[in-house]
Amino acid sequence: MECDKCPSEAVMHAAYSGLHMCEEHFCASVEKRVRRRVREDNLLPDDASIDDPETWVIGLSGGKDSVVLTEILADTFAEDPRIELIALSIHEGIEGYRDESLDASKELTDELEIQHEIVTYEDEFDVQMDDVVEDDPENMSACAYCGVFRRDILSRYAAELDADKLLTGHNLDDEAETALMNFLEGDIRKISQQFDASLGPFDGAEASQTRGEREEFVPRAKPLRDVPEKEVALYAHLRNLPAHITECPHAEEAFRGEIQQLLYKLEEKHPGTRHSIMAGYEQLAGLAATEYDDDNPDLDECENCGSPTTGEQCRKCGLLAALEAV
Ligand code: SF4
């Protein structure tokens with residue numbers, strides 16, 4: 001099959017748009033979608049300058065999504081002194097998994113010549129995820145512990161590195177799955193908080209008003225969220241990027257797995273489903289964020305670590321105390 005834009009052979013067909021694309025046009029289209037998202041989410045403020053550059057910290061796991069995001073941003077802003085990129089990788093202490101993805105991350109950041117910080121659960125919390133799974137004092141999934149620890153590190157290090165934005169490599173499938181999960185749980189307040197976690201579809205100025213942006217949090221963004229997972233994987237392959245593709249041995253989000261399968265089927269029968277879910281969800285989340293804006297609970301400091309929390313102790317310190325008591 002021929003590319004719809006030139007006489008070269010097509011390497012992919014996007015059923016949702018009907019387009020067949022060759023390697024060159026496909027890669028250019030992925031890059032264009034990321035750059036358009038950066039522009040539409042107003043990630044680069046007008047007043048950024050050589051004297052006052054923006055620092056963007058990218059959560060780099062070494063998987064295909066964060067590797068592709070880092071590569072495209074580094075390429076886009078290579079000659080732009082208004083942007084400084086810093087990669088932040090986290091080692092959870094999962095044997096046979098994270099070492100290889102960190103090798104991939106290092107290879108990429110060396111090649112791109114960008115600053116790379118590596119943080120471990122062991123140094124930060126004196127725990128390893130393999131032991132946490134073994135002890136499991138709260139009878140929860142591995143990801144429930146891991147997510148709390150990871151969020152703590154990302155927020156804390158983003159602030160320590162003086163980040164203006166914290167960028168993560170969530171793709172279209174990740175976002176559509178999360179949207180559907182939140183919707184099926186029927187919790188509109190959670191949907192409004194979901195919107196809080198990203199710069200979302202609103203412009204920066206409006207977003208900071210409607211979401212009551214708080215000083216404690218570095219704003220987050222997901223510039224890869226318009227690109228389907230399979231296209232991210234194909235881009236990594238075609239560009240020969242050092243992405244690590246093994247799945248974590250502790251991955252066990254059963255509900256997400258069901259939603260993922262459902263979305264595969266829906267997308268196959270009705271191409272464009274993921275895009276329409278996200279278009280509606282972003283509007284809904286924006287409206288919910290406005291509705292709940294005055295409703296933000298006052299945050300105190302955790303008595304143990306000083307992190308923002310609604311109680312006396314933050315969730316991370318609660319989990320660490322439970323693990324210590326085992
Ligand atoms: Fe952590 Fe779960 Fe991701 Fe494994 S799959 S790294 S346990 S969040």
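Tell me whether the stretch 234-308 comes out rounded, prolate or oblate; compute the Cα gyration tensor, take square roots of the eigenvalues as a ≥ b ≥ c, and use a/c under 1.5 as the rounded threshold. Judged from the Cα gyration tensor, the stretch 234-308 comes out oblate (a/c at least 1.5, b/c at or above a/b). Compute the long axis of helix 254-269 from its Cα atoms, compare it with the longest principal axis of the Cα atoms of the chain, and write down the angle in degrees, 0 to 90, nearest 10. For helix 254-269, the angle is close to 20 degrees.
Once backbone amide H atoms are built at 1.01 Å from N, Val127 has Glu122 as its partners under 5 Å, excluding neighbours fewer than 5 places away on the same chain. Shape class of the stretch 49-324 from the Cα gyration tensor (axes a ≥ b ≥ c, square roots of the eigenvalues): rounded, since a/c falls below 1.5.
Here Met129, Met1 are placed in order of increasing Cβ neighbour count within 10 Å, fewest first, which gives Met1, Met129.
Rounded, prolate or oblate: which one fits the stretch 1-148, using the alpha carbon gyration tensor with axes a ≥ b ≥ c (rounded when a/c is under 1.5, else prolate when a/b beats b/c, else oblate)? Taking the square roots of the gyration eigenvalues as a ≥ b ≥ c, the stretch 1-148 is oblate. What's the angle, to the nearest 10 degrees (0 to 90), between helix 98-112's Cα axis and the longest principal axis of the chain? For helix 98-112, the angle is close to 60 degrees. Compared with the direct C-alpha span, the chain from Glu303 to Asp123 gains 62.7 nm at full extension, assuming 0.36 nm per residue. Amide hydrogen proximity for Met12: with H placed 1.01 Å from N in the peptide plane, the residues at 5 or more positions away or on another chain lying under 5 Å are Met21. A Förster radius of 56 Å, combined with the Cβ-Cβ distance separating Ala325 from Glu2, puts the computed FRET efficiency at roughly 0.30. Net length available on complete extension from Phe255 to Phe217 is 10.8 nm, with 0.36 nm assigned per residue and the Cα-Cα distance removed.
Students often check this: by mean Cβ neighbours within 10 Å, which of 3-11, 101-109, 315-323 ranks highest, and how do the rest follow?
With the highest mean Cβ count within 10 Å placed first, the list reads 101-109, 315-323, 3-11.
Rounded to whole numbers, the Karplus 3J(HN,Hα) couplings from phi for the stretch 162-170 are 6, 6, 8, 9, 10, 10, 10, x, 5 Hz, using 6.51 cos²θ - 1.76 cosθ + 1.60 with θ = phi - 60°, and x at Gly and Pro.
From most to least packed by mean Cβ count within 10 Å, the peptides 71-80, 174-183 give 174-183, 71-80.
Bear in mind that the values in this text are calculations on the coordinates, not laboratory data. Note that the structure is predicted; figures quoted are calculated from it, not measured. Methodologically, a virtual Cβ is constructed for each residue, glycine included, from the backbone with ideal geometry; neighbour enumeration extends over all protein chains shown.
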